[in-house]
């Protein structure tokens, strides 16, 4: 793997990480972000292990070439989305949900994204390193898969934040923090792997829509923090 491929593989991760980091009104300690990024890589390793176990029991599940919609649906939502999002959720919740630094609405969204970027980094090198057209794979994933993982974790962090802010609806938002990313992730893979030209076109619309909604979710939580910060400054 040459340096240019490595650059294309990690550059989108760096850009996205900085975008989310600089949206934070009160910057989070870099140590916790580094820990979360590494935990994202660890979640990727866990997914590989779990997938190997599942494939040893159901060896045909990975063969989705010329598969019907039902098999592609199961593969996308169960083998990929469910396992990956649960692994990332475990890391995010375990490390940061009750962390003392989680004192603003946006914080948990930022933490979630860094776990997602760690996972995407690990996954990216697996794909790029095992593909003959690695430079094209790196570019394609840089504009699709890597931002998508940031989006999945934005929604996860968004609902985790709401669960912390609203005790009455805590259980509801905790459920949504895992259900919504699984649905988004499963839809992403299903549309992309369908092999149907109409669904692939729908994939592009879905991807752009998810990017736009992600930016809106970020702005929403940032505004909450800015409002809280302004009020606390006035009271002091």
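The values are calculated or read from the model by the stated rules, or taken from the named source; none is laboratory data. Just so you know, these numbers come straight off a predicted model, no measurement behind them. Ideal geometry is used to build each Cβ from the backbone, glycine not excepted, and the neighbour counts take in all protein chains shown.
Among the residues making up region 192-209, those that are assigned to a helix (DSSP H, G or I), surrounded by 13 or more Cβ atoms within 10 Å (Cβ to Cβ) and at pLDDT below 95 are 192, 193, 199, 200. Go through the residues of region 71-81 one by one and say whether even a single one is touching a helix residue (DSSP H, G or I) at 6+ places or on another chain (Cβ under 9 Å), farther than 30 Å from residue 199 by Cβ and assigned to a helix (DSSP H, G or I). No, region 71-81 has no match at all. If the condition is being in a helix (DSSP H, G or I), touching a helix residue (DSSP H, G or I) at 6+ places or on another chain (Cβ under 9 Å) and within 23 Å of residue 211 (Cα to Cα), then region 16-40 contributes 16, 17, 19, 20, 21, 23, 33, 36, 37, 40.
Yes/no matrix, rows are residues, columns are (1) surrounded by fewer than 17 Cβ atoms within 10 Å (Cβ to Cβ); (2) modelled with pLDDT of 95 or more; (3) at positive phi; (4) more than 18 Å from the chain's Cα centre (by Cα):
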{"site": "3", "(1), (2), (3), (4)": "yes, no, no, yes"}
{"site": "8", "(1), (2), (3), (4)": "no, no, no, yes"}
{"site": "25", "(1), (2), (3), (4)": "no, no, no, yes"}
{"site": "50", "(1), (2), (3), (4)": "yes, no, no, yes"}
{"site": "60", "(1), (2), (3), (4)": "yes, no, no, yes"}
{"site": "76", "(1), (2), (3), (4)": "no, no, no, no"}
{"site": "84", "(1), (2), (3), (4)": "no, yes, no, no"}
{"site": "88", "(1), (2), (3), (4)": "no, yes, no, no"}
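Does at least one position in region 210-230 carry a residue that is at pLDDT 95 or above, over 20 Å from residue 24 (Cα atoms) and surrounded by 16 or more Cβ atoms within 10 Å (Cβ to Cβ)? Within region 210-230, one or more residues are at pLDDT 95 or above, over 20 Å from residue 24 (Cα atoms) and surrounded by 16 or more Cβ atoms within 10 Å (Cβ to Cβ). For residue 136, the criteria (1) over 13 Å from residue 16 (Cβ atoms); (2) touching a helix residue (DSSP H, G or I) at 6+ places or on another chain (Cβ under 8 Å) hold in every case but one, which is (2). For region 162-173, the criterion of being in a helix (DSSP H, G or I), in contact (Cβ under 8 Å) with a residue 40 or more places away in the chain and crowded, with 16+ Cβ neighbours inside 10 Å is satisfied by at least one residue.
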